[in-house]
1. I'd like the projected area of segment B:62-205, averaged over all directions, using the convex hull of its alpha carbons. Report it in nm² with one decimal.
2. Residues with amide H under 5 Å of B:Val247's amide H, sequence separation 5 or more or different chain, H placed in the peptide plane at 1.01 Å from N; which?
3. Just tell me the longest site-free run in chain A, where the sites are trypsin sites (Lys or Arg not before Pro) in a DSSP loop having at most 12 other beta-carbon atoms within 10 Å.
4. If the only charges are +1 at each Lys and Arg Cβ and -1 at each Asp and Glu Cβ, what is the size of the charge dipole of segment B:220-333 around the Cα centre, to the nearest 20 debye?
5. Neighbouring Cβ atoms within 10 Å as the yardstick, rank B:Lys471, B:Lys265 fewest first.
6. Given the Cα-Cα distance of B:Trp477 and B:Glu320 and 0.36 nm per residue of separation, how much length would full extension add, in nm?
7. Rounded, prolate or oblate: which fits segment B:185-289 when a ≥ b ≥ c are the square roots of the eigenvalues of the alpha-carbon gyration tensor, with rounded for a/c under 1.5 and prolate only if a/b beats b/c?
8. Just check chain B against the gyration tensor rule for me: Cα atoms, a ≥ b ≥ c as the square roots of the eigenvalues, rounded for a/c under 1.5, and otherwise prolate or oblate depending on whether a/b exceeds b/c.
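What follows draws every value from the coordinates through simple rules; no lab data is involved. Note that the structure is predicted; figures quoted are calculated from it, not measured. Here the Cβ is made from the backbone with ideal geometry for all residues, glycine too, and neighbour counts use every protein chain on show.
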Amino acid sequence: MANIIISKAEDGGLTFYMPKKDLEVKVISLEFEAADKWGGELKLASGQSYYIDPMAAPSLPKSLRARRLD
Amino acid sequence: MANLSKEETQALIQEVLEVYPEKAKEDRAKHLSINDQAADTKCVTSNRKSLPGVMTIRGCAYAGSKGVVWGPIKDMIHISHGPVGCGQYSRAGRRNYYVGTTGVNSFGTMNFTSDFQEKDIVFGGDKKLSKLLSEVETLFPLHRGVSVQSECPIGLIGDDIEAVSKASSQEMGKPVIPVRCEGFRGVSQSLGHHIANDAIRDHVFEREGAAETVEPGPYDVAILGDYNIGGDAWSSRILLEEMGLRVVSQWSGDGTIAEMEHTPKVKLNLLHCYRSMNYISRHMEEKYGIPWVEYNFFGPTKVAESLRKIASYFDDSIKEGAERVIAKYQTMMDEVIAKYKPRLEGKKVMLYVGGLRPRHVIGAYEDLGMEVVGTGYEFGHNDDYERTTKDMGNATLIYDDVTGFEFEEFVKRVKPDLIGSGVKEKYIFQKMGVPFRQMHSWDYSGPYHGYDGFAIFAKDMDMTLNNPCWKNMTPPWKASAEEEQQAVA
């Protein structure tokens, strides 16, 4: 499990940021994006994917815990 | 001047890599690449440990924390905790200008160190630190706080600087901030920035006993990541104030701890050096809901672009203010460009700096009709390179953590008319007969930010490039050979 921050990108998409590795990548897709169920599998532009437990849609930016899937 | 095609540039990289042993070649190949605006996925590898045995130009975590982020905060005393050298060699070299009386209420150019001796390494230096802190309080009663910047031995011997700081802080009633920025942490100064940002987050924001400072206003902004090198922050600040914003804090050039404490109350954080202060910006965005915007104050094109971008976060009065400021300086800028562009047009520049400049100054050179043919970061990360791609032309060189050898070879082949890098590179290239500007400290000139800064920037570039001394650069041994040949003839 790693601490990450999800925030809104300038182009309207989402940005994934991992402070520990200083890694800032665009999020390509998010499994759930509804207001009451948000989260699930995150696909990153770098090819990696992470999982965050689904939750009610938070106000961004938000610090979260994520698990690496690959 | 050779204009290299994409294939030629690729061949050049291969040729330079040839001299390395197999393993090193493989590693270095990932750090060198050709800019391609179309492909946005593949980037150079960055933020990795430098190879043993090559000349790297990087600094350490202590340099990132004490030298960059904490050092310029003028009303605090920054103790270089450990042996004397780190503090002394980093003293006042960065030209972070400030107003104040040094030694009375400002301490920017002074060096405070605990001067570790063998016995401190053996028996621990906590007692020495606590004695030092009380001495500081006696000798400099007007200081507003102390930061303890750890040097390598502190982490190695495991001193508890947090406990000493806490006790001393209670004793003197001022903040004493322990910063765990031992030089061995991380691969470059970049981690030092991060550690320093975290220390500000943990020890400065919402500090107990912090004074209520200014009444928050609707147009409050903070300048983050401007270190006031040669007065940079001042020439940026006047533009923002002219357009109607109120700059309540400067981080950290000419900054104070009170300004930092006030920052969580601003409406917008203006981020100049993304690399060294994005951490605290992200924190403030999440915790206090303050948006942040990156801006670029090098060269009139980028200044105008940035002023409009900043204004878009505010109401119409600020937007009008931005247009007014742009219009006001337009004539002055046209004059500067009319004067210097004919002298500089078409010249090629290679850059190798840190932080933000490898991409930010490109616009300023382009305003003067110059072209940047190679750029690289000492300690940039992936996100820096992503931001660089669109500012750079196609088929130009990108080099991460370039080694002394690679840089020299690139210069020999690309033959730029001007190089912008640091003091360690300066004399090598000047001896090779290539005009050089220090782009870390503006070569003892500055400011370069904002409209006023651009006029100085243009003058400096012209002064360096068109200096008559470059015509007299034949080294003595070659000169004598020529003379001999003439004598024989």
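1. 7.8 nm²
2. Amide H neighbours of B:Val247, under 5 Å, 5+ apart: B:Val221.
3. Counting at most 12 other Cβ atoms within 10 Å as exposed, the longest clean stretch of chain A is A:22-70.
4. Using only the charged Cβ atoms, the result is roughly 180 debye.
5. Neighbour counts put them in this order, fewest first: B:Lys471, B:Lys265.
6. Contour length minus Cα-Cα distance gives 50.3 nm.
7. oblate
8. Oblate.
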